[in-house]
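Engineer: Structure in structure tokens, see below.
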Amino acid sequence: MITTILRRALRRTEDRIGFAILAAALGLLVIQPAFAHEYKIGSLEIEHPWARMTPAGAKVGGGYLTIENEGKEADRLVAATAEVAGRVEIHEMAVKDGIMTMRMLPDGLEIPAGGEAKLAPGGFHLMFMELKQPLKEGESFKGTLTFAKAGTVNVSFKIEGMGGPKGSDADHSHQHDTPAN
């Protein structure tokens with residue numbers, strides 16, 4: 001009965017094209033949440049946590065994401081975990097007078113009220129220390145992010161290639177081969 005109704009309704013080419021477009025749009029709406037890679041806790045929104053693939057034998061890796069604070073008070077990323085690492089540290093990398101420096105942020109990273117904090121190659125980032133396995137492109141792993149006020153949220157880090165996510169500016173950065181002292 002449904003096929004008969006569809007056959008009658010879709011006799012003209014224009015009707016078929018319109019139906020195909022409608023079906024495709026509905027399909028995208030249905031599968032869109034499967035591609036979403038965002039998390040929310042309190043007034044914080046965490047966008048696309050990812051890690052760069054590592055070569056075999058690497059003991060450290062880098063983690064990146066953006067944290068938006070829609071609240072009226074600043075918050076602070078104070079800790080993180082990753083199932084692939086013995087420990088995770090919050091780091092800042094900077095270049096001054098042509099010299100790269102990297103340091104752990106023992107007090108974490110502030111997310112300003114009404115602002116954002118970008119953890120990206122070449123700047124603030126997570127360091128996955130004591131990797132238990134290489135990070136392979138296309139895979140993902142679980143972790144947590146802990147904030148001073150908002151609490152702890154479970155996230156999944158997608159492992160991207162050396163250039164980072166498509167359309168990102170991650171290729172203007174560096175790769176950690178050894179931990180900083």
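Engineer: Select from region 46-82 the residues that are farther than 17 Å from Gly164 by Cα, of a type outside the set (Lys, Arg) and part of a loop (DSSP other than H, G, I, E, B) and list them in ascending order.
Structural biologist: Within region 46-82, Ala56, Gly57, Ala58, Glu70, Gly71, Glu73, Ala74 meet the criteria.
Engineer: Would you pick out the residues in region 83-98 that are of a type in the set (Gly, Ala, Ser), open to solvent by 20 Å² or more (accessible area, probe 1.4 Å) and assigned to a strand (DSSP E or B)?
Structural biologist: Gly86, Ala94
Engineer: Just one of Ser168, Ser140 is polar (S, T, N, Q) and at pLDDT below 95; which is it?
Structural biologist: Ser168
Engineer: Among the residues of region 43-71, which ones are open to solvent by 20 Å² or more (accessible area, probe 1.4 Å) and either free of Cβ contacts under 8 Å to residues at least 12 places away in the same chain or hydroxyl-bearing (Ser, Thr, Tyr) (or both)?
Structural biologist: If the condition is that a residue be open to solvent by 20 Å² or more (accessible area, probe 1.4 Å) and either free of Cβ contacts under 8 Å to residues at least 12 places away in the same chain or hydroxyl-bearing (Ser, Thr, Tyr) (or both), then Ser43, Thr66 are the ones that fit.
Engineer: Shifting gears a bit: Would you point out which residue out of Met93, Met102 is under 24 Å from His37 (Cβ atoms), modelled with pLDDT under 95 and not basic (Lys, Arg)?
Structural biologist: So the residue among Met93, Met102 that is under 24 Å from His37 (Cβ atoms), modelled with pLDDT under 95 and not basic (Lys, Arg) is Met93.
Engineer: Another question, if that's okay. Any chance you could count how many residues in region 75-94 are within 16 Å of the chain's Cα centre (by Cα) and farther than 13 Å from Pro106 by Cβ?
Structural biologist: Result for region 75-94: 6.
Engineer: With the requirement that a residue be within 19 Å of Arg52 (Cα to Cα) and among the polar types (S, T, N, Q), what does region 85-106 give you?
Structural biologist: none
Engineer: Here are Lys96, Lys166, Lys158: which of them is basic (Lys, Arg) and touching a residue at least 12 places away in the same chain (Cβ under 8 Å)?
Structural biologist: Lys158
Engineer: Determine whether Ala74 is farther than 21 Å from Thr54 by Cα, open to solvent by 40 Å² or more (accessible area, probe 1.4 Å), touching an Asp or Glu at 6+ places or on another chain (Cβ under 8 Å) and at pLDDT 95 or above.
Structural biologist: In short, no.
Engineer: Looking only at region 103-125, which residues are part of a strand (DSSP E or B) and under 14 Å from Glu160 (Cβ atoms)?
Structural biologist: Residues satisfying the conditions are Leu119, His125.
Engineer: Another question about this same structure. Kindly indicate whether Leu135 is in contact with a Phe, Trp or Tyr (Cβ under 8 Å, 6 or more places away or on another chain), assigned to a loop (DSSP other than H, G, I, E, B) and surrounded by 19 or more Cβ atoms within 10 Å (Cβ to Cβ).
Structural biologist: Considered against the rule, which asks whether it is in contact with a Phe, Trp or Tyr (Cβ under 8 Å, 6 or more places away or on another chain), assigned to a loop (DSSP other than H, G, I, E, B) and surrounded by 19 or more Cβ atoms within 10 Å (Cβ to Cβ), Leu135 comes out as yes.
Engineer: Among the residues of region 112-121, are any touching a Leu at 6+ places or on another chain (Cβ under 6 Å) and surrounded by 17 or more Cβ atoms within 10 Å (Cβ to Cβ)?
Structural biologist: Yes, there is a match, as at least one residue in region 112-121 is touching a Leu at 6+ places or on another chain (Cβ under 6 Å) and surrounded by 17 or more Cβ atoms within 10 Å (Cβ to Cβ).
Engineer: Identify the residue in region 138-166 that is surrounded by fewer than 19 Cβ atoms within 10 Å (Cβ to Cβ) and at positive phi and, among all such residues, is farthest from the chain's Cα centre (by Cα). Before the answer, list the steps.
Structural biologist: Our first condition is that a residue be surrounded by fewer than 19 Cβ atoms within 10 Å (Cβ to Cβ); within region 138-166, this holds for 138-140, 142, 144, 146, 148-149, 151-154, 156, 158, 161-163, 165-166.
Keeping just the survivors that are at positive phi gives 138, 151.
Details: Gly138: 13, Gly151: 18 Å.
This residue is Gly151.
The values are calculated or read from the model by the stated rules, or taken from the named source; none is laboratory data. Model, not experiment: these values are computed from the prediction. Every residue, glycine among them, receives a Cβ derived from its backbone with ideal geometry; neighbour counts consider all protein chains shown. In case anyone asks, the SASA skips ligands and DNA or RNA and just uses the protein heavy atoms, side chains included. Shrake-Rupley method; radii C 1.70, N 1.55, O 1.52, S 1.80 Å.
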